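Derivation of every value follows stated rules applied to the coordinates shown; laboratory data play no part. Just so we're clear, the structure is a prediction, and the values are computed from it rather than from any experiment. Ideal geometry is used to build each Cβ from the backbone, glycine not excepted, and the neighbour counts take in all protein chains shown.
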Amino acid sequence: MLKSMPLKAGRDQFVLHFNDDVGVYWYKKNLQPDEVIAPRQNWTSLFMKFSPKGTYLCSIFPGGVQSWGAENFERINRFIHPGVRLVDFSPNEKFMVTLSPEPISALPDDHPGKSQYPFGPESEGHKLVIWDLQTGLPARTFALPPNLEKTKTMPWPLIKWSFDDKYCARVGPDALAIYETSDFSLLEKKLVKIEGIVDFEFAPAGVRFATNKKSDPLEAVLAYWTPEQNNQTAKVSVMQVPSKKVLRTVNLNQVSDVKMFWQQDAKYLCCKVDRHTKSKKTMFTNLEIFQLFERDIPVEKIELSEIVLSFQWEPKGHRFVTISKTYNPNDNPAMANNTVSFYDFEEAKVNSKLASVLKKWVAFKVMKEKYSNDLLFSPKGRFIVVSTIKPIGSVLEFYDLDFDGEKPKDQSSKVSSNLKLIRSQEQNGLSALKWDPSGRFIAAWSSAWKHKIENGYKIYDQVGQLVREELVDGFKDFNWRPRPASLLSASDRKKVRKNLKEYSVQFDEIDTMEEDAEQREIILKRKSLLSEWTSWRESVIAKLEKLGYTEHQTKRKAEVIEEIKEEVLEESEEVVE
Amino acid sequence: MMRPIMMKGHERPLTQVKYNKEGDLLLTVSKDKEASIWYSSNGERLGTLEGHAGTIWSIDVDKDTHYFVTASADFTVKLWLAETGECLHTWYFDSPVKRVEFNHICDKVVIVTDQAMGQKASVRVLNVNQKDAKAQDDQAVLTITNEEDSKNKYSVAGWSYGDLYLIVGHANGKVSKFDAKTGELLQTVDVHEGLITDIQFSEDRSYFVTSSKDKTAKLLDVDNLHIFKKYGADAPMNSACITPVKEFVILGGGQDARDVTTTSSSEGKFEARFYHKIFEDEIGRVKGHFGPLNYVAIHPNGTSYASGGEDGYIRLHHFHKSYFDFLYDVEKTAQSQVNNLQKEIEA
């Protein structure tokens with residue numbers, strides 16, 4: 001009963017990593033978190049990582065990866081991959097990908113560990129492994145592409161997945177390799193030739209094109225880009241999988257780099273196109289927004305004079321936020337040069353059919369001269385934390401994009417958003433942030449992996465009030481456990497929303513009871529500590545007296561002090577009366 | 001809560017501050033080779049002790065405030081006449097002297113000599129001739145030498161109740177108890193994970209608090225060297241003291257200068273921290289210094305405390321009534337029970 005209570009109350013779990021210890025806890029807001037797993041020493045040799053739905057918790061050991069799960073985090077599978085450094089998962093937790101700088105070597109037949117060793121001679125020299133998470137067996141191994149052998153910053157993940165885990169793909173020289181995950185063979189037994197391909201991204205959700213019927217299954221889509229080459233323009237293309245049909249291409253020129261950002265529902269794809277002038281003296285960004293669900297996939301272009309450093313979509317929404325700055329190779333980092341811009345689309349005119357299709361994104365609020373360098377939307381949208389991550393003078397700003405109040409005049413009246421800075425919090429040493437899966441709380445921590453300044457974590461609620469803080473020497477990492485998809489149907493959810501008040505009263509009562517229980521425990525503990533101390537003191541005083549070590553001077557002074565004590569007490573008692 | 005008095009009398013970082021037994025004087029020593037004597041009520045300077053040729057690490061005063069004794073990096077310990085500030089005697093050693101403390105009867109001092117200049121660290125006891133202060137015995141009556149490696153060297157030492165034992169802190173975080181007469185090692189325990197920076201005793205010298213570079217302070221009893229309490233801080237601690245009257249401990253320390261990334265004083269945690277002695281909770285902090293606190297001392301009657309900083313300042317804080325009124329609910333309950341009991345007995 002007690003064990004299931006926190007679950008019922010919608011509580012979340014988190015993992016704390018400090019020094020060489022890792023512990024798992026139930027989050028109890030301002031109260032001391034309950035231990036699920038008391039801190040274990042050397043649980044991991046590098047880091048801990050949850051699978052995307054929170055089913056598995058993976059730890060690293062020098063010989064590979066160990067997965068843990070179920071209520072008490074029991075051992076599940078051991079994945080032998082010596083020297084493993086990087087770990088990633090497919091979105092539905094079917095597969096795991098690991099990378100090690102050490103090439104796999106086949107074991108001789110007479111090796112004692114042969115029967116346990118998962119790799120055959122075909123994997124000799126390979127560094128990248130796809131695993132079946134359930135069976136614990138390798139599904140496919142790859143050699144590292146030669147161009148990545150000497151790279152200092154490994155792009156990760158190297159293997160990307162379709163929304164349904166049916167396909168995965170990786171970039172090769174002038175080609176994209178798409179695999180069917182049923183047997184990890186190349187789709188139609190051949191590579192997709194794409195000259196010069198630099199990068200690609202799968203849509204994180206299935207797409208329903210305007211031409212599809214409602215009953216049609218959702219389709220897997222990916223986007224990729226190629227740079228300018230052989231007198232051809234740079235291109236961003238959207239391709240359907242498995243048909244490999246290119247549905248839409250946008251031509252671009254004077255392109256330095258492209259980053260592709262999918263909105264969570266795959267409704268929109270924003271390509272951040274970093275461009276240079278002909279002289280290559282300055283850089284600026286264009287945003288190309290593909291609207292996948294509309295007929296012919298219209299693309300909206302936003303031309304900016306600044307270069308965009310960070311971009312984030314509102315999860316489940318259509319708004320986005322950017323951090324940008326004027327390109328300057330001799331930038332002084334001490335100056336507040338960054339611009340934070342909030343975008344929404346302008347409301348379409350009701351009677352015009354065309355307007356409802358063509359959306360026009362506008363920056364409805366632009367804040368200049370900011371230090372901010374990081375964006376993190378709540379997983380439920382609406383709230384965003386714009387932060388300045390640096391060792392000294394780090395700040396978190398909590399914004400509400402749908403503030404219920406009068407809209408200030410400096411925000412466009414044509415959009416429905418109403419932006420408001422709710423609260424700003426200083427937190428020295430800030431190195432990373434993460435929202436809890438419910439979007440009600442955000443953890444912000446200072447990691448000893450980065451520096452030694454105020455290591456520890458703080459948790460704020462969505463409106464920026466500090467809920468809990470703990471300074472821990474050698475604090476390294478904080479991880480909320482992701483939640484699986486809700487089991488409630490749409491109608492169930494509606495019911496809950498309707499009766500929310502009654503539910504919240506019940507939960508408030510549980511909260512109060514728990515708080516009271518904790519208070520009670522603290523008081524009882526203090527009582528026992530006090531009586532323990534008092535009785536020890538009495539025994540010591542008796543002993544010293546017996547031994548005759550109560551030197552006159554000390555004794556006299558001690559008496560004087562006792563008198564003072566009594567006087568003060570009597571005064572306070574009078575006040576009470 | 002408290003009105004601080006800032007005292008700027010030293011050119012260099014403070015190394016120790018100490019009240020005399022009456023509490024009317026405050027003695028401070030510093031890296032600037034001088035000791036200063038102040039009135040603790042108003043922070044007015046009474047005089048200085050001049051004569052050392054190096055950092056003075058430590059100072060103490062006998063119970064009647066007749067003599068001061070100082071330990072210095074110039075390899076000497078000096079005895080001074082309190083009334084005139086005249087140096088009465090100098091003991092010479094082969095390495096810097098880090099610590100000096102009178103025993104209860106004030107006929108002896110314990111000193112700690114550093115492991116340096118090819119010398120092994122030692123704890124020594126010197127006789128102090130109170131009757132004829134100019135005729136002192138130059139030989140130590142007891143010498144305990146660190147025969148182990150330099151990590152085990154002694155950093156601080158003090159006398160237990162009845163002058164029975166010497167409690168010694170090591171650079172490696174251990175605490176040892178020696179028989180004060182024979183020098184026999186009675187017990188050694190692992191207490192800290194870093195250098196023990198200070199040991200200060202309770203009034204009756206039956207227990208003591210240790211502070212350490214490992215960012216904690218701990219409370220131990222003299223009889224078993226049992227660790228009762230632990231006070232966790234977020235910076236290396238240089239000093240800790242036990243408050244009379246109130247059940248508190250005060251810790252002082254801060255990030256070492258080389259670890260502080262800016263000059264902002266909030267980054268370095270240069271604060272005196274108050275913890276509840278029994279419940280181990282942090283109760284409050286007092287800001288003010290611009291560098292680590294190198295020493296904290298409490299008035300023998302518990303009415304004020306003084307801190308000496310790396311910044312060269314001494315800060316003297318007199319406690320307000322609210323400080324004395326502060327009690328946890330469980331303490332109030334316990335007190336009222338005691339009071340009721342007393343009333344019943346009287347009735």
Query raised in the report: Listing A:MET48, A:MET260, A:MET96, A:MET513 from the residue with the fewest other Cβ atoms within 10 Å to the one with the most, what is the order?
Result: A:MET513, A:MET48, A:MET260, A:MET96
Report summary line: In order over the stretch B:185-199: 3J(HN,Hα) from phi, Karplus 6.51/-1.76/1.60, θ = phi - 60°, whole Hz, x for each Gly or Pro, gives 6, 9, 6, 9, 10, 7, 10, 10, 9, x, 3, 7, 8, 7, 9
Report summary line: Along the stretch B:206-212, Karplus-curve 3J(HN,Hα) (6.51, -1.76, 1.60; θ = phi - 60°) to the nearest Hz, with x for Gly and Pro, reads 9, 8, 8, 10, 10, 10, 8
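Relative contact order for the stretch B:148-200 using alpha-carbon pairs under 8 Å, separation at least 6, rounded to a whole percent? Display every interim value, and only then the final one.
Details: 114 pairs, mean separation 17.3, N = 53.
Once divided by the residue count of the stretch B:148-200, the mean separation gives 33 percent.
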Requested in this report: Please give the peptides B:41-52, B:146-157, B:231-242 ranked by average Cβ packing (other Cβ atoms within 10 Å per residue), highest first, as a rough proxy for protection.
Outcome: B:231-242, B:146-157, B:41-52
Query raised in the report: Where in the stretch A:137-154 does the label zone of A:ASP183 land, with the point 7 angstrom along Cα→C-beta and an amide N cut-off under 19 Å?
Result: A:138-142
Query - Formal net charge of residues neighbouring A:THR141 (Cβ-Cβ distance under 14 Å; K, R +1; D, E -1) - result: -1
Report summary line: Note: A:ARG493 to A:ASN72 extended length (0.36 nm per residue) minus current alpha-carbon separation gives 148.6 nm
Report task. Could you pull out every residue, at least 5 positions away or on a different chain, whose amide H is within less than 5 Å of the one on B:ALA157? Hs are placed 1.01 Å off N in the peptide plane, and Pro or chain starts have none. Result -> B:GLY169
Requested in this report: For an R0 of 41 angstrom, estimate the FRET efficiency from the Cβ-Cβ distance between B:GLU22 and A:LEU31 and round to the nearest 0.05.
Outcome: 0.30
Query raised in the report: Among A:ARG140, A:ARG319, which comes first, then next, by fewest other beta-carbon atoms within 10 Å?
Result: A:ARG140, A:ARG319
Requested in this report: Name the long-range amide H neighbours of A:PHE163: under 5 Å, sequence gap of 5 or more, or other chain; modelled H, no Pro or chain starts.
Outcome: A:VAL221
**Report entry** Out-of-range pairs (alpha-carbon distance over 26 Å; input A:LYS301/A:LYS414; A:LYS458/B:LYS269; A:LYS272/A:LYS407; A:LYS525/B:LYS343)
**Finding:** A:LYS272/A:LYS407; A:LYS525/B:LYS343
Report summary line: Per-residue Cβ contact counts at 10 Å, fewest first, order A:TRP26, B:TRP80 as A:TRP26, B:TRP80
Query raised in the report: What is the extension gain from A:SER105 to A:THR153, computed as 0.36 nm multiplied by their sequence separation minus the C-alpha to C-alpha distance, in nm to one decimal?
Result: 14.8 nm
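Using unit Cβ charges (K, R positive; D, E negative) and no other charged atoms, how large, in debye to the nearest 20, is the dipole of chain B about its Cα centre?
500
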Requested in this report: Using the Karplus curve 6.51 cos²θ - 1.76 cosθ + 1.60 with θ = phi - 60°, work out ³J(HN,Hα) for each residue of the stretch A:413-421 in order, rounded to whole Hz, and write x for Gly and Pro.
Outcome: 7, 7, 9, 7, 5, 9, 8, 8, 7
Query - Two-site label geometry, B:LYS343 and B:HIS66: point separation in nm, points 7 Å out along Cα→Cβ - result: 4.8
Query - Length-normalised contact order for chain A - Cα pairs under 8 Å, 6+ apart - percent - result: 8
Query raised in the report: Can you give the net charge of the other residues whose Cβ lies under 11 Å from the Cβ of B:LEU220, counting K and R as +1 and D and E as -1?
Result: +2
**Report entry** Estimated 222 nm signal from helices in chain A, with DSSP H stretches of n ≥ 4 weighted -39500 (n - 2.57), rounded to 500
**Finding:** -5500 deg cm²/dmol
Query raised in the report: In the structure displayed, which of A:LYS53/A:LYS452; A:LYS368/A:LYS409; B:LYS33/B:LYS287 lie more than 25 Å apart, Cα to Cα?
Result: A:LYS53/A:LYS452; B:LYS33/B:LYS287
Query raised in the report: Nearest 20 debye, what's the magnitude of the dipole of the protein assembly as shown about its Cα centre given +1 on Lys and Arg Cβ and -1 on Asp and Glu Cβ?
Result: 4760
Query raised in the report: Any idea which of A:PRO108, A:LEU252, B:VAL191 is furthest toward the positive side of the dipole for the protein assembly as shown, if Lys and Arg beta-carbons carry +1 and Asp and Glu beta-carbons -1?
Result: A:LEU252
Requested in this report: May I ask for the distance between the Cα centers of the stretch B:291-333 and the stretch A:467-512, given as a whole number of Å?
Outcome: 43
Requested in this report: For B:ASP329 and B:PHE290, compute 0.36 nm times the residue count separating them, minus their Cα-Cα distance, and round to one decimal in nm.
Outcome: 10.5 nm
Requested in this report: Treating only the Cβ atoms of Lys and Arg (+1) and Asp and Glu (-1) as charged, compute the dipole magnitude of the stretch B:1-149 about its Cα centre; round to the nearest 20 debye.
Outcome: 380
Query raised in the report: For the charge dipole of chain B, defined by +1 on Lys and Arg C-beta atoms and -1 on Asp and Glu C-beta atoms about the Cα centroid, which residue among B:HIS226, B:VAL330, B:GLY9 has the Cα displaced farthest towards the positive pole?
Result: B:GLY9
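Averaged over its residues, how many other protein chain Cβ atoms are within 10 Å of peptide A:522-529's Cβ atoms?
Whole-number average of other-chain Cβ neighbours for A:522-529 is 4.
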Query raised in the report: In degrees between 0 and 90, to the nearest 10, how far off the longest principal axis of chain B does helix B:329-346 point, with axes built from Cα atoms?
Result: 80
Query raised in the report: What residue among A:ALA266, A:PHE293, B:HIS89 has its Cα farthest toward the positive end of the dipole of the protein assembly as shown, where the charges are +1 on Lys, Arg and -1 on Asp, Glu, each on the Cβ?
Result: A:PHE293
Report summary line: For A:216-223, A:74-81, ranked highest to lowest by mean beta-carbon neighbours within 10 Å, the order is A:216-223, A:74-81
Report task. Estimate the FRET efficiency between A:LYS301 and A:ALA334 by the formula 1/(1 + (r/R0)^6), using the beta-carbon distance for r and 35 Å for R0, to the nearest 0.05. Result -> 0.55
Report task. Return a whole-number percent for the relative contact order of the stretch B:3-346, with Cα pairs under 8 Å and 6 or more residues apart as the contact set. Result -> 12
